1. Relative to the longest principal Cα axis of the chain, at what angle does helix 194-204 sit, 0 to 90 degrees, rounded to 10?
2. At 222 nm, what value in deg cm²/dmol follows for the chain if DSSP H runs of at least 4 each add -39500 (n - 2.57) and the sum is divided by all its residues, to the nearest 500?
3. What is the sum of charges around residue 228, taking Lys and Arg as +1, Asp and Glu as -1, for the other residues whose C-beta is under 12 Å from the C-beta of residue 228?
4. Would you work out if region 13-136 is rounded, prolate or oblate? Take a ≥ b ≥ c from the square roots of the eigenvalues of the alpha-carbon gyration tensor; rounded if a/c is under 1.5, else prolate when a/b is larger than b/c, oblate otherwise.
5. Could you please tell me the mean projected area of the C-alpha convex hull for region 2-245, averaged over all directions and given in square nanometres to one decimal?
6. Per residue of region 187-192, what does 6.51 cos²θ - 1.76 cosθ + 1.60 with θ = phi - 60° give for ³J(HN,Hα)? Whole Hz please, x for Gly and Pro, Karplus curve as stated.
7. Can you tell me which of 63-70, 83-90, 215-222 comes out highest on packing, and rank the rest after it, using the mean Cβ neighbours within 10 Å?
8. Looking at the chain only, what percent of DSSP beta bridges run antiparallel? Nearest 5 please.
Amino acid sequence: MRIVVLGGLGAWPSADQGCAGFLVERRGFRLLIDPGYATLQPLLTRLSASAVDAVYVSHGHPDHCADLQPLLRARALAERSAPALPVYAPTGSLDALLAIDESGLLDTAYELHEFTPGDDLDVGPFTVRTWSLPHWVPNAGARISAGGTALAYTGDSGPSPALVELARDADLLIADATYVDEIPDRQVGSLSSAAEVGRYAAVARAGAVLLTHLWPGTDPEAAMAATRQAYAGPVTVARPGVVVDLPG
């Protein structure tokens, strides 16, 4: 299993990278996770729009799904022979995004598979187990497994016992680390810090941690240091072009 980072910021993109987005590849199948702001361009440096086999969206905030819309436009308008793209998302989370274009333009470009966080999914070669994790809108953390390898992804999440279950013995945990340590009062319960990630990753015995959704301007070294206060395994920060190869 190969994970390619397309972006690693939360809220909005910077001049040099986009929001959280990941390409997960196994044996020729390409699963795009959370195509947020400014993730389509780095994706297209690696493959064509028609080469994406499926999309998984954790929740409907635009920093996690906005670039799905131009991806579908590319498939509908430039690559018309491409099959309908399977898109998996919590029920209703993409209604606003999919309604912004002219009526009918993208109808043949995608096939929407809506689910309730907590459902299990089969996506190509992957088994996807989902969890409902605390955020302002329904958010589905995902454990993506194939060939004995497990990738855990939180989407955006506040503290929850489910995070330990999600990350338990995962080969890689991709975790919301919006803040380094202190979380502003109005966001407590809906977002996480790098320090919190370290604590639950240690309990879960995750094999490695990739911090994502950092607030623009956050010092990556400070975020990694906060995670390492409690977690002794490998820690890195999601940046465009980072590639992680997992066995299986």
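What follows is calculated from the coordinates using simple rules that are stated; it is not laboratory data. Being a predicted model, the structure only gives us computed values, none of them experimental. Glycine also receives a Cβ, built like all others from the backbone with ideal geometry; neighbour counts cover every protein chain displayed.
1. Rounded to the nearest ten degrees, it is 90.
2. Numbers: 7 runs with 45 residues, N = 248.
Only helices count here, giving -4500 deg cm²/dmol.
3. Values: positive: 199; negative: 221.
Taking every other residue near residue 228 into account, the sum is 0.
4. Numbers: a/c = 1.21, a/b = 1.18, b/c = 1.02.
Rounded shape, in that the Cα axes give a/c under 1.5.
5. For region 2-245, averaging the hull's shadow over all directions gives 11.9 nm².
6. 10, 4, x, 10, 9, 10
7. Numbers: 63-70: 23.1, 83-90: 20.0, 215-222: 13.2.
So the peptides 63-70, 83-90, 215-222, ranked by packing, come out 63-70, 83-90, 215-222.
8. Numbers: 29 of 55 bridges.
Percent antiparallel among DSSP bridges in the chain is about 55.
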